[in-house]
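*Asks:* Structure provided below as structure tokens; questions to follow.
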Amino acid sequence: SRRRLFAAGGAAAVGVAGTAVAGGLVGRATASEHPTPATESLLVPFHGEHQAGVATRPQTHAVVAAYTLRGGATLEAAGRMMRLVTDDARRLTAATPALNDQEPALAQIPARLTVTVGFGSGLFSKLGLTDEQPAGLIDLPAFRIDRLQPAWSGGDLILQVCADDPLVVAHALRQLTKTLRTFTTGRWVQRGFTQTTAQLDGAGAGRNLMGQVDGTANPGPDTPDFAPLVWAGGPGWFSGGTTMVVRRIAMQLDTWDELDTAGKEIAVGRRLHNGAPLTGSLETDEPDFTVTDTTGLPVIPAFAHIARARHTNDTERFLRRAYNYDDGLTDSGLIFTTFQADIARQYLPVQQRLADNDLMNEWTTPIGSATFALPPGCSPDGYLGEGLLP
Ligand code: HEM
């Protein structure tokens, strides 16, 4: 890995294993540039206009953890909490130990660690800040398909911790949870994974546990559409922030296995072997929903997942950044995570269409749901949420 560090960023990058977070190093590769795996740094800059972990190319391991604010939480305490969390995140993402880090060796492994923090609607109401809750953040209504469990739902505060090494993720989460202990109690935690870069190199989006290529039709961070879709505009403390939807969606893989390949492809509207739409031959081909077969029926049925999920106008788009999960012998699925400037405007209409009718509902069940407002990023002498919390 030392060799990779030199190749990736020169001598400065090696310094991170023990020391500086200096501007030069942090400034090298920005997440939004979406550098290719061969050239990108093993450190994702923590500071900037936006939080890392959103536009960042998905790391192979993730944990999302939600917390409940302790009773009697004050604004002043919440501000202190965010200064401490920011300090931990700033150090850990630079591959340096947090203050009072009991396992410094685990902090010194550069693995593209990102720590992303968000606030649920409960935080705003408990702190008397409902007037400051961003318009883009709503609690989702109940959907017909939902079988939500409290064990996977809600939360006043969320941490999304991602890295290419599961040990780094586990250590960072433990350190941050220790810091949060005075202010919060743990509510739920979900661990997920994607395919490794080596297996994916140049092959497009990764696969989910149904075997589908998942993540193809997604706004790319290097496209002009991305910023207005994902980042909230100004004025106010939330400018440069985003909202996050986390849905835990279980897959019924036993009954999915009973389907033949043609049935599986019809359910989503794309081919299993390479993710191409049923009307095309490459993953990147645009689906054509007007094409019919010899019997006059649409090649991509109207109730196929991509037919229902496709935006009907440009405001209905958002970033999907999902992770697979596989817990125990029978609980597998997606930690389905999206980022958008405004949940009601962008996410809700699509989710409502899918809840009303989507062939994939036969084999998938939402069992958890939560939404959060992610404050903008901060500077080296600032802290996350600084415009909201004193
Ligand atoms: C597309 C799988 C849930 C929104 C896709 C694709 C797959 C897939 C395989 C096609 C490839 C791609 O473009 O990524 C799944 C699975 C789900 C799930 C397995 C649940 C376990 C959802 C949910 C939403 C959603 C809950 C939104 C509320 C979308 C969108 C597209 C898409 C917007 C792109 C449609 C297009 O424009 O072509 N999904 N999905 N999916 N999915 Fe899902």
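The values are calculated or read from the model by the stated rules, or taken from the named source; none is laboratory data. The structure displayed is predicted, hence computed values, not measured ones. Methodologically, a virtual Cβ is constructed for each residue, glycine included, from the backbone with ideal geometry; neighbour enumeration extends over all protein chains shown. The protein model used for the area step is the full one, side chains on, heavy atoms only, and it has no ligands, DNA or RNA in it. Shrake-Rupley method; radii C 1.70, N 1.55, O 1.52, S 1.80 Å.
*Asks:* Given segment 106-168, report the % of alpha carbon pairs whose separation exceeds 14 Å.
*Replies:* 69
*Asks:* Helices from the chain with mean Kyte-Doolittle at least -1.0 and a Cα length along the axis of 24 Å or more, per DSSP H: which?
*Replies:* Membrane-span-like by this criterion, though nothing is claimed about a membrane: 75-93.
*Asks:* Roughly speaking, what is the stretch gain from Arg147 to Asp293, that is 0.36 nm per residue apart minus the C-alpha to C-alpha distance, in nm to one decimal?
*Replies:* Additional length available on full extension: 48.9 nm.
*Asks:* For Met210, what accessible area in Å² do you get when you roll a 1.4 Å probe over the heavy atoms of the protein chains, rounding to the nearest 10?
*Replies:* Answer for Met210: close to 10 Å² accessible.
*Asks:* Shifting gears a bit: If amide H atoms are built 1.01 Å from N in the plane of the peptide, which residues on other chains or at least 5 residues away come under 5 Å of the amide H of Arg207?
*Replies:* Gln195, Asp214
*Asks:* Solvent-accessible area of Tyr67, probe 1.4 Å, all protein chains present, reported in Å² to the nearest ten, please.
*Replies:* Taking all protein chains as shown, Tyr67 has close to 10 Å².
*Asks:* What length, rounded to one decimal in nm, is gained on full extension from Asn100 through to Asp131, with 0.36 nm per residue of separation minus their alpha-carbon distance?
*Replies:* 7.5 nm
*Asks:* Something else: Starting from the Cα of Ser379, move 7 Å in the Cα-to-Cβ direction to define the label point; list residues of segment 72-112 whose amide nitrogen is under 19 Å from there.
*Replies:* Correct set: 83-84, 86-87, 90-91.
*Asks:* Next question, about the same structure. What is the percent carbon and sulfur in the accessible area of the chain, measuring with a 1.4 Å probe over the protein chains and ignoring ligands?
*Replies:* 55
*Asks:* Another one. Treating the beta-carbon of each Lys and Arg as +1 and of each Asp and Glu as -1, no other charges, what is the dipole magnitude of the chain about its Cα centre, to the nearest 20 debye?
*Replies:* Rounded to the nearest 20 debye, it is 1040 debye.
*Asks:* Quick check: Cα centre of segment 146-164 to Cα centre of segment 293-369, how many Å?
*Replies:* 18
*Asks:* Write down the accessible area per residue of the chain in Å², having rolled a 1.4 Å probe over the full set of protein chains.
*Replies:* I get 43 Å² per residue for this part.
*Asks:* In debye to the nearest 20, how big a dipole does segment 329-382 give about its Cα centre with +1 on each Lys and Arg Cβ and -1 on each Asp and Glu Cβ?
*Replies:* 120
*Asks:* Set Lys and Arg Cβ to +1 and Asp and Glu Cβ to -1, take the dipole of segment 257-390 about its Cα centre, and tell me which of Phe303, Gln346, Thr365 lies farthest positive.
*Replies:* Of the options given, the answer is Gln346.
*Asks:* Would you calculate a helix-derived [θ] at 222 nm for the chain, using -39,500 (n - 2.57) for each DSSP H run of n ≥ 4 and dividing by the full residue count, to the nearest 500?
*Replies:* -6500 deg cm²/dmol
*Asks:* So if the hydrodynamic radius of segment 65-120 is defined as the Kirkwood radius over C-alpha pairs, what does Stokes-Einstein give as its diffusion coefficient at 37 °C and 0.692 mPa s, in µm² per second?
*Replies:* Answer from the Stokes-Einstein relation: 258 µm²/s.
*Asks:* Per residue of segment 338-346, what does 6.51 cos²θ - 1.76 cosθ + 1.60 with θ = phi - 60° give for ³J(HN,Hα)? Whole Hz please, x for Gly and Pro, Karplus curve as stated.
*Replies:* For segment 338-346, the Karplus curve yields 10, 10, 7, 5, 9, 5, 5, 7, 9 Hz.
*Asks:* Please tell me the relative contact order of the chain in percent, rounded to the nearest whole number, where contacts are Cα pairs under 8 Å and at least six residues apart.
*Replies:* Worked out over the chain, it gives 24 percent.
*Asks:* Semi-axes, largest first, in whole Å: what does sqrt of 5 times each Cα gyration tensor eigenvalue give for segment 64-195?
*Replies:* Each semi-axis is the square root of five times an eigenvalue, giving 27, 20, 12 Å.
*Asks:* Work from the charge dipole of segment 258-321 (Cβ charges, +1 for Lys and Arg, -1 for Asp and Glu, about the Cα centre) and give the residue of Leu319, Leu272, Thr290 farthest towards its positive end.
*Replies:* Leu319
*Asks:* Take the Cα atoms of the chain, find their three principal axes, and give me the spread along each one in whole Å, biggest first.
*Replies:* For the chain, the Cα spread along each principal axis is 67, 51, 43 Å.
*Asks:* Then there is this: Using amide H atoms built 1.01 Å from N in the peptide plane, name the residues 5+ places from Ala276, or on other chains, whose amide H lies under 5 Å from its own.
*Replies:* The list, which skips near neighbours in sequence, is Arg271, Glu283.
*Asks:* Determine how large the accessible area of His273 is when every protein chain is in place; take a 1.4 Å probe and give Å² rounded to the nearest 10.
*Replies:* 130
*Asks:* Quick one: order Ser41, Ser239 from most to least accessible surface, probe 1.4 Å.
*Replies:* Ser239, Ser41
*Asks:* What's the magnitude of the charge dipole for segment 240-321 around its Cα centre, counting Lys and Arg as +1 and Asp and Glu as -1 at the beta-carbon? Answer in Debye, nearest 20.
*Replies:* For this selection, approximately 480 debye.
*Asks:* For segment 109-203, calculate the relative contact order in percent as a whole number, restricting contacts to Cα pairs under 8 Å that are 6 or more residues apart.
*Replies:* Computed value for segment 109-203: 38 percent relative contact order.
*Asks:* Based on the mean of other Cβ atoms within 10 Å per residue, sort peptides 134-146, 328-340 so the most packed one is first.
*Replies:* The most tightly packed comes first, giving 328-340, 134-146.
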